[in-house]
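Have a look at the structure below, then the notes.
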Amino acid sequence: MPILADLSEIRVGASPRGRLEAVAAGGERVVHAKDLGPDGDIDSDRLTRVMDRFGETAPRLRPGDVLLQSRGVSYPVGLATKDASGAVPVSPLCLIRPDSAQLDGAFLALFLAQPRTQQRLRAQAAGTHVPELTREAIANIEIPLPPLPRQREIAAMGQMMRRERELYQRLSAAQDSLLFGLIERSAKAPGGAPTPPGERRAAGAPTPAAFGPTSPAKG
C-alpha cells in the first residue's frame, strides 16, 4: 500500500515569530485550526487578515489542498476550495498537496477524517501532555489508492452521506422542538390547567356523590 509521501507534497504550517495582528483590509489571510469546520470545509468567509509577516516561501493554499491539524487528541481535516486560495495555514496545521494525477484531494480528506484513520493517527502521535504528529508520521500514512474515477465517486458518496446526516440532525432537532412546544401549550390550555389547592383531593379519595344523597340531620 502506498504512503502519503509518495502521493503528495507535505508542508508544515507557517510559524509566525510574533503575535499576528488582525487588520480590516490588506495583509494576508491566514487559516487557523479553528477555521476547519466539522464537515471538512474551510470557512473562507471568516478567515483572519493579518499584517504581511510571511515571505514567498510560506505555504499558500490552492484548490484541492488538504489541511490536517497535527496537534491535539483529534486531527480535524479541511479541504481547500477556490475561495481559500492564497491563504496561509499556520501551525499546528499541515498542508498536504496531492499529486492530482494519482490522488484526489476530496478523497484524501474523506480518508483522513474517517474514525479508523483518526485512531491510527492518535496511535502515531508523540507526547503525553499535548500529543503531536510529526511530519514523518504524516508522510508515512498508508492510504488505499483506487483509480482516480473511483476515488471521485467515493468522495461524492461521502459528501452525500454527510449531507444526509446533517438533514437528519436538523429534522431530529425540529421534532424535539415540536414535541416540547406541544407539551408547553397543553399545560397552558384550559383542559390542562392545574387544579387550585383548595379543590385538590388525595388520590383515590371518593367524591361526595359516591355516598348517595345526604339525609337531613335528625333533631
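Each reported figure results from applying straightforward, stated rules to the coordinates on display, with no laboratory input. Keep in mind it's a predicted model, so treat the numbers as computed, not measured. Here the Cβ is made from the backbone with ideal geometry for all residues, glycine too, and neighbour counts use every protein chain on show.
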Gain upon complete extension [SER15, GLU166; 0.36 nm per residue less C-alpha separation]: 50.9 nm
Modelled FRET efficiency - R0 41 Å, GLN119 with LYS188, Cβ distances, 0.05 increments: 0.25
Computed lengthening from ALA24 to SER177, 0.36 nm per intervening residue step minus Cα-Cα distance: 51.2 nm
